[in-house]
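As structure tokens, the structure follows; a few thoughts come after it.
The values are calculated or read from the model by the stated rules, or taken from the named source; none is laboratory data. Remember, predicted model here, so these are calculated numbers, not experimental data. Positions of Cβ are backbone-derived with ideal geometry, glycine not excepted, and every protein chain shown enters the neighbour counts.
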Amino acid sequence: MKPYEAVDFMKLDDLLSDEEKMIRDSVRAFVSREIIPHVGGWYDRGEFPKQLIPGLAELGTLGATIQGYGCAGVSSTAYGLIMQELERGDSGIRSFVSVQGALCMYPIHAFGTEEQKNKYLPKMAKGELIGCFGLTEPDFGSNPAGMRATARREGGEFVLNGSKMWITNGGLAHLAIVWARDDEGKVAGFIVERGDPGFSTRDIEKKFSLKASVTSELIFDNCRIPASRQLNVKGLKGPFACLNQARYGISWGALGASMACYDEAVNYAKSRVQFDKPIASHQLVQAKLVEMLTDITLGQLLALRLGRLKDQGQETATMISMAKMNNVSKALKHARATRDILGASGITFEYQCGRHMLNLESVNTYEGTEDIHRLVLGEHITGIPAFRG
Ligand code: TGC
Ligand code: FAD
């Protein structure tokens, strides 16, 4: 197979610092060496490759933008490039890193006490403790404001009841960031540890998407935790602040999947002969490749600009919504187009596009569906929130 060539039509490399390029290239090499040769098998068997965790930690990918506590403290753009490279390998591996960093380490860093930060963050950066993030419930996905999970205060403890659904890393996790209603009915955040009485997890098997990732239900049945495990934030802005971090990373991650598919589509189209010439010489096939290249280039420009704004603290949630919505829905389209260009070969594990296509169906749904982000942007334009009718 030809070595991977990352497409950079608008010379974005010129806009990256040497450090950002070095970080990207070391993650790229890790993905080529440790992930690409094996990921088809993990996916086929429905297996998350836990053996990758020490290597991912060594590369500084866990909680990468956090300063101190054993974290790498890299720029938002470098973090985005890490996500891009990991998702070139598989969305499930990028999901693992996103959840650990953006959805678990970030809230501990942003809303935790010094004691909580010192207890969890250094071990999470080393991959010795794994986290998950419980916001979605069986009856409340796009609308987490309806959540029913409760956290009742009893003396020096909180008693949690309810369940969280579709939770990435749930069955692997040593700790869960859980969002539940307190005695005043306000959404509050808690750190629940595996082994806390009344806390259990159940893995969701038989998925056709994100098969190299663990997805679970979290169950709280009079689960008792010390009051000191509460996070210092109230209201939905707590979990939504975490989602901003993760959605930003996903907007870069999706580019990695797109770039992998584009590379595969171009190589295949140039070598596959039908009607006595390579299929790349047919105009209809060229049109598909041109659309992919154009979308990828626009997505790269969007992600890079957003990364630079984020480093200056000037990004907004609506900008992040646009990047997540656009880059993921385009990546899904590119994976489907590549699958089409590869004909029957596109349905086998010998090629990546089928796996990316099935993974991206989930990525388009989680962290706010494509249409929820469309409505976020619709509200931004018109001032009218259309979610509730
Ligand atoms: P709304 O009334 O608009 O806002 C409630 C409060 O939150 C604030 N807020 C935000 N703050 C920070 N960032 C954002 N993006 C924010 N959006 C809203 C807002 O200012 C307000 O604050 P305050 O102080 O006034 O109380 O909330 P709403 O209930 O109307 O919700 C609107 C909507 C639909 C956009 C929201 O519910 C939404 O985003 N829904 C999608 C749910 C979602 O994305 N779930 C993701 C679950 S986690 C996951 O999928 C992980 S996958 C991980 C992986 O494997 O990679
Ligand atoms: P629903 O909210 O029921 O939406 C179904 C359809 O209705 C969608 O097309 C949606 O766009 C549409 N819809 C809903 N409301 C509107 C509206 N107002 N207007 C127009 N259309 C609307 N959650 C976590 O908390 N933590 C995790 O780690 C996590 N990991 C996940 C991993 C995977 C593999 C998956 C698939 C999901 C994960 N999720 C996680 C859950 C994810 O965030 C939700 O699936 C997502 O928010 C959508 O919720 P839902 O599936 O209940 O769909």
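Condition check: in a loop (DSSP other than H, G, I, E, B) and either β-branched (Val, Ile, Thr) or within 16 Å of ligand 1 (Cβ to nearest atom) (or both). Does Gly313 satisfy that?
Values: in a loop (DSSP other than H, G, I, E, B): yes; either β-branched (Val, Ile, Thr) or within 16 Å of ligand 1 (Cβ to nearest atom) (or both): yes.
When the stated conditions are applied, Gly313 passes them.
Restrict the check to segment 151-163 and report whether at least one residue is at positive phi, within 16 Å of ligand 1 (Cβ to nearest atom) and touching a residue at least 12 places away in the same chain (Cβ under 8 Å). Scanning segment 151-163, I find at least one residue that is at positive phi, within 16 Å of ligand 1 (Cβ to nearest atom) and touching a residue at least 12 places away in the same chain (Cβ under 8 Å), so the answer is yes. Inspection of segment 239-249 finds a residue satisfying the criterion of being in contact with a Phe, Trp or Tyr (Cβ under 6 Å, 6 or more places away or on another chain), more than 12 Å from ligand 2 (Cβ to nearest atom), farther than 15 Å from Leu160 by Cβ and not assigned by TED's automatic domain parsing to the domain that holds Lys164.
Restricting attention to segment 359-379, the residues that are part of a helix (DSSP H, G or I) and either touching a Leu at 6+ places or on another chain (Cβ under 8 Å) or without any contact (Cβ under 8 Å) to a residue 12 or more places away in the chain (or both) total 10.
For segment 222-240, the criterion of a residue being part of a helix (DSSP H, G or I) and of a type in the set (A, V, I, L, M) is satisfied by at least one position.
Considering every residue within segment 135-145, establish whether at least one is hydrophobic (A, V, I, L, M, F, W, C) and more than 19 Å from Val363 (Cα to Cα). Yes: one or more hits.
Residues checked against (1) away from ligand 2 (no atom under 13 Å from the Cβ); (2) within 29 Å of Ser258 (Cβ to Cβ); (3) out of contact with any Ser or Thr (no Cβ under 9 Å at 6 or more places or on another chain); (4) of a type in the set (Ser, Thr, Tyr):
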{"residue": "Leu86", "(1), (2), (3), (4)": "yes, yes, no, no"}
{"residue": "Leu129", "(1), (2), (3), (4)": "yes, no, yes, no"}
{"residue": "Phe140", "(1), (2), (3), (4)": "no, no, yes, no"}
{"residue": "Arg152", "(1), (2), (3), (4)": "yes, no, yes, no"}
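Every condition in (1) more than 16 Å from ligand 1 (Cβ to nearest atom); (2) under 30 Å from Phe387 (Cα atoms) holds for Glu361 except the one numbered (1). Could you please find all residues in segment 164-188 being within 13 Å of ligand 1 (Cβ to nearest atom), of a type in the set (Gly, Ala, Ser) and in a strand (DSSP E or B)? Within segment 164-188, Ala176, Ala188 qualify.
Scan segment 319-336 and give yes if some residue there is within 16 Å of ligand 2 (Cβ to nearest atom) and without any contact (Cβ under 8 Å) to a residue 12 or more places away in the chain, otherwise no. Checked against the condition, which is being within 16 Å of ligand 2 (Cβ to nearest atom) and without any contact (Cβ under 8 Å) to a residue 12 or more places away in the chain, segment 319-336 yields no hits at all. Scanning segment 115-140 for residues that are in a helix (DSSP H, G or I) and either in contact with a Pro (Cβ under 9 Å, 6 or more places away or on another chain) or within 17 Å of Val192 (Cα to Cα) (or both) returns Glu115, Gln116, Lys117, Asn118, Lys119, Tyr120, Leu121, Lys123, Met124.
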